[in-house]
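Asker: I have a structure I would like to understand better, so I am pasting it below and will then ask my questions one at a time.
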Amino acid sequence: MKSKTKRPYRQFLAVTAAIAVLAAVSIGYRIAGRRALETTLTSTYGDAGKLRGFTLSGITDGEPFYRVSFRLRDGEIENQVDISPAELPETSVSWARSLLCPDPATRDAVNEQGGWSNPDVVAYSQADTFYKMVVLHLPDQTSVRFRVATAKLDTEQSVYAYLKDGSVTADWECSGTGISDLDLGADQIVEEEGIPERNGSYFFCMQTDNEWPAGVYRVEESLQDSEVAALPQEGSVLGVPCVPASTSYGRIALFYRPDDTVRMYNCSDVGKGLAVLYENTAGKLCLDYVADNGQCVDHRELLATDADTVYMTSRLARQNETDAAFLIRGLDRNDQQLLCETLVLMRTRDGVIEKFETKARSRSEMQNAVQAVLYNDDATEVMLVEWRFLPLQIHDGVYEDTSEYPAGYQIAVYDTLSAAVPLYTGILNTAEPTDLNLKFLSDSFGWRSFLHSGYSTPGSVTTFGNNLPGAADFDGGVTND
């Protein structure tokens, strides 16, 4: 059998070619001018005057080469183009992580049978009783940690700990991969679109009953990283003291839970309260509007659930804080095929729901990915915003790609959310991969476009490719000459 001879010069040539492409693209942007990168509006049907009263903002991110902030307001497009931009700030991001750590009552036994797989760096051992901990990282750069489950397994599992410079950087932990008894974890926390904030407090949903009942929770105390590091070192890894991963810190409290709750799906800050999505014991997916005192002031039934369907919800971009918009998706429990979609749009005034609409999307409508549903200023008309996809169609004799890539957004204005015929349609054209060089950038760096969420805490917003935090304030104009 012949072995292949490595040719380092080929790798060098590949890297050199990649750098040349990047340089050429960057120079091309500067030569072609910023105008080629700006978002534009193309009307395709009806009177563009129907866009009056609507405001829609977003970002097209081609970091590290360009970034375009755009805003459609009353039918007019404003652009801010930044060449060679800095990374978007990692502020206003919330996320949850699971920790599967040995029961503290078994720590001595874990240490006794432990050893070093990499001297003074990686320690290994076995455990069969675990705490399932969740660490919730909040937009203000603090965190809270709490236990959601305890499990005793039939067989021991490998656990590892990590040290650096004589200090424990990660306490005993198990990956838990493939252990069904330990599936419960960070997936219990609804935080994909960010953690809502009201009156200086953060709120999140616990999806199902565990050691905490399913419901909406308020974070009453959270710690900075320095405060976490200063917690008592009540544990050790092979004699090296540490703060146990099983130690809870911060404080959460149940804020809202209807008596008939089966599963909690989502919550959004809106007006003078929270909009809460949950499933009840009657098999209905409902929305409650909850005041700041934790009392329900309005209740709406949205749809009947099906035992063979898994439901997923997401908050959609909105125009202002008096509104809330949700997308509810139903997937087949077995093959994960999309079965149904329902849009929910509401506007509040003075602590009550002023206007409320829902729409069950048809099969053909479900082919388009919804990004935003907006009321105009006086809630007399509705804007629906969806991704617009086009085939890339690259053929250069060697490289070929015919996959679809996003090419901006399709927008449509209707009398009501459930109306079948639009009053106006148009296309927001954003700078997207349309040739081989931009395809290279998309694959290598991640071309991304997203709409501003419009929530008080943006968190992870709707993107193509990697998730991005909420964007900075839009100033208009052109920057970084």
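The values are calculated or read from the model by the stated rules, or taken from the named source; none is laboratory data. All of these numbers come straight from a predicted model, not from anything done at the bench. For neighbour counting, all protein chains shown are included, and Cβ atoms are generated from backbone atoms with ideal geometry for every residue, glycine included. Just so you know, the surface numbers come from the protein's heavy atoms only, side chains and all, with ligands and any DNA or RNA stripped out. Shrake-Rupley method; radii C 1.70, N 1.55, O 1.52, S 1.80 Å.
Asker: Just give me the residues in segment 220-239 being in contact with a Gly (Cβ under 7 Å, 6 or more places away or on another chain) and open to solvent by less than 30 Å² (accessible area, probe 1.4 Å), in sequence order. Full working, then the answer.
Answerer: From segment 220-239, those in contact with a Gly (Cβ under 7 Å, 6 or more places away or on another chain) are 221-223, 238; that's our starting set.
The answer is Leu223, and nothing else.
Asker: For the subset of segment 256-273 comprising residues that are in contact (Cβ under 8 Å) with a residue 24 or more places away in the chain and closer than 14 Å to Pro213 by Cβ, which member is surrounded by the most Cβ atoms within 10 Å (Cβ to Cβ)? Write out each step before concluding.
Answerer: First pass over segment 256-273, keeping only residues in contact (Cβ under 8 Å) with a residue 24 or more places away in the chain: 256-258, 261-273.
Okay, now just the ones that are also closer than 14 Å to Pro213 by Cβ, so 256-258, 261-264.
Details: Tyr256: 23, Arg257: 19, Pro258: 19, Thr261: 20, Val262: 17, Arg263: 17, Met264: 26.
Here the answer is Met264.
Asker: Here's a follow-up. Given the criteria in contact with an Asp or Glu (Cβ under 6 Å, 6 or more places away or on another chain), under 23 Å from His137 (Cα atoms) and crowded, with 22+ Cβ neighbours inside 10 Å, does Val276 qualify? I'd like the intermediate steps shown before the answer.
Answerer: On the way: in contact with an Asp or Glu (Cβ under 6 Å, 6 or more places away or on another chain): yes; under 23 Å from His137 (Cα atoms): yes; crowded, with 22+ Cβ neighbours inside 10 Å: yes.
So Val276 passes the test.
Asker: Collect the residues in segment 331-354 that are in a strand (DSSP E or B) and surrounded by fewer than 15 Cβ atoms within 10 Å (Cβ to Cβ), keeping them in residue-number order. Give the derivation first.
Answerer: Here is the first cut: in segment 331-354, the residues in a strand (DSSP E or B) are 331-332, 338-349, 352-354.
Across segment 331-354, the qualifying residues are Asp332, Leu338, Arg349, Val352, Glu354.
Asker: While we're on this one: Hey, can you tell me all the residues within segment 35-52 that are open to solvent by less than 60 Å² (accessible area, probe 1.4 Å) and modelled with pLDDT under 90? Steps first, please.
Answerer: The first filter runs over segment 35-52 and keeps only residues open to solvent by less than 60 Å² (accessible area, probe 1.4 Å), leaving 37-39, 41, 46, 48-49, 51.
If the condition is that a residue be open to solvent by less than 60 Å² (accessible area, probe 1.4 Å) and modelled with pLDDT under 90, then Leu37, Glu38, Thr39 are the ones that fit.
Asker: Residues in segment 241-250: is at least one under 30 Å from Ala105 (Cβ atoms), in a strand (DSSP E or B), open to solvent by 10 Å² or more (accessible area, probe 1.4 Å) and not small (Gly, Ala, Ser)?
Answerer: Scanning segment 241-250, I find at least one residue that is under 30 Å from Ala105 (Cβ atoms), in a strand (DSSP E or B), open to solvent by 10 Å² or more (accessible area, probe 1.4 Å) and not small (Gly, Ala, Ser), so the answer is yes.
Asker: Within the bounds of segment 107-123, is there any residue that is surrounded by 21 or more Cβ atoms within 10 Å (Cβ to Cβ), assigned to a strand (DSSP E or B), modelled with pLDDT of 95 or more and β-branched (Val, Ile, Thr)?
Answerer: no
Asker: May I pose another question? Looking only at segment 158-183, filter to residues that are open to solvent by less than 50 Å² (accessible area, probe 1.4 Å) and in a loop (DSSP other than H, G, I, E, B); which one of those is modelled with the lowest pLDDT?
Answerer: Here the answer is Ile179.
Asker: Which ranges mark the strands (runs of 3 or more DSSP E) fully within segment 189-237 that have 2 or more residues being among the hydrophobic types (A, V, I, L, M, F, W, C) and over 29 Å from Val110 (Cβ atoms)?
Answerer: Details: elements: 201-206, 215-221, 235-237.
Once the strands (runs of 3 or more DSSP E) in segment 189-237 are filtered for at least 2 residues that are among the hydrophobic types (A, V, I, L, M, F, W, C) and over 29 Å from Val110 (Cβ atoms), what remains is 201-206, 215-221.
Asker: Looking at Leu254, Leu274, can you tell me which residue is in a strand (DSSP E or B) and more than 21 Å from Val135 (Cβ to Cβ)? Break it down into steps so the answer makes sense when it comes.
Answerer: Working: Leu254 fails: more than 21 Å from Val135 (Cβ to Cβ).
So the residue among Leu254, Leu274 that is in a strand (DSSP E or B) and more than 21 Å from Val135 (Cβ to Cβ) is Leu274.
Asker: Please go through segment 257-271 and pick out each residue that is assigned to a strand (DSSP E or B) and in contact with a Gly (Cβ under 7 Å, 6 or more places away or on another chain).
Answerer: Residues of segment 257-271 that are assigned to a strand (DSSP E or B), as a first pass: 261-270.
Correct list: Thr261, Met264.
Asker: From the residues in segment 110-134 that are touching a residue at least 40 places away in the same chain (Cβ under 8 Å) and within 30 Å of Cys205 (Cβ to Cβ), which one is farthest from the chain's Cα centre (by Cα)?
Answerer: Phe130
Asker: Any residue that is open to solvent by 20 Å² or more (accessible area, probe 1.4 Å), in contact (Cβ under 8 Å) with a residue 60 or more places away in the chain and assigned to a loop (DSSP other than H, G, I, E, B) - is there at least one of those in segment 310-319?
Answerer: Within segment 310-319 (the criterion being open to solvent by 20 Å² or more (accessible area, probe 1.4 Å), in contact (Cβ under 8 Å) with a residue 60 or more places away in the chain and assigned to a loop (DSSP other than H, G, I, E, B)), the answer is yes, since at least one residue qualifies.
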